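Notes follow once the structure below has been shown.
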Amino acid sequence: YQRRVHGTVLKSGDRVRVKASVTNPKNGWGKVARTSVGLVKTANKFEVIVDFPEQPDWPGIPSELEVVVSTKATPQLKKPKQAARKKHEGAIVKPDLTTIVCSSTKDGPIVVGNSSELLITVGKDSNDEPLSVSVRGPMMPGPMEVVDNEDGTLSLWFTCRTMGKYEFDLSWGSVPLKESPFVVDVVNMIVNDPTKVSIDPVPTEGIIDVQIPLNITVAPGAGSGPPIITHVSGPAEPSSIECAPSVAGKYFGNVTYSKAGTYKLQIGWGDNSSNITGSPFEIKVEASQKS
């Protein structure tokens, strides 16, 4: 049994909407619509309070929301590219996603930690709409920025913080681009060193249905990880495992067991899943607090 855990990190001021994959939010829709975009008011790993135009102080959970990045600028077509213009129904002209370029490796792969670019070419007669961006992946890229190149193109710059597959949903106003979602495979060319990753305090004991903290510290030179938490053995599988990045060099998580007994928990680091210092950890879970 193995569970890979990556947290969704939102912060105050982020523009968000409910993910398309969510049919019914845990706390209900209220007055919020599928297309509503609001601003995060407060956020932690369990709950997000969003001010939507239709309903301020809407309560949600991080895993149900996605960040929306947009620019209100219509590209200034000083040097319009005639070959890139493509007309569609009515007066709407949609941009074509033409190429993807890594700024640091040119035609090489998209690499963890490197600033990368999606280049969007916009037709001359495109209507005045913002480019909207939402991303699905192991961890939210950051920072993301949309830049008007003033030659009929927009550049979406982003930096992926962990390896894996990312899907970029791109819309011109409310109209999805033909190529959307654009899938990006991110590789990790950074050598991970699990000996520079530690946990404090070391988990050795706990009681049933009470979270056991997993506070992971990442020293410089450890690589990009991320931590991979694996249940090795015990009377039952964990009832929950959580882990999310916190401040720089820190991951905060926890594990909860619902049955007493002795468990082994492995914490690896990065794609090679090599054990961090002290892993696997033996945890003795009691039915109640010792007197």
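So the values come out like this:
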read-out	value
Accessible area (Å², per residue) of region 204-291, counting only protein heavy atoms and a probe of 1.4 Å	46
By accessible area with a 1.4 Å probe, ligands and nucleic acids excluded, highest first: order of Leu170, Leu39	Leu39, Leu170
Solvent exposure ordering (accessible area, 1.4 Å, most first) of Glu47, Glu205, Glu66	Glu205, Glu47, Glu66
Three-way shape call for region 134-291 based on the alpha-carbon gyration tensor, with the a/c threshold at 1.5	prolate
Carbon + sulfur, % of accessible area of region 142-291 - ligands and nucleic acids excluded, 1.4 Å	53
Under 5 Å, built H, 5+ apart or other chain: amide partners of Ala260	none
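The values are calculated or read from the model by the stated rules, or taken from the named source; none is laboratory data. Since the model is a prediction, treat every value here as computed from it, not as a measurement. Accessible surface areas use protein heavy atoms only, side chains included; no ligands, DNA or RNA. Shrake-Rupley method; radii C 1.70, N 1.55, O 1.52, S 1.80 Å.
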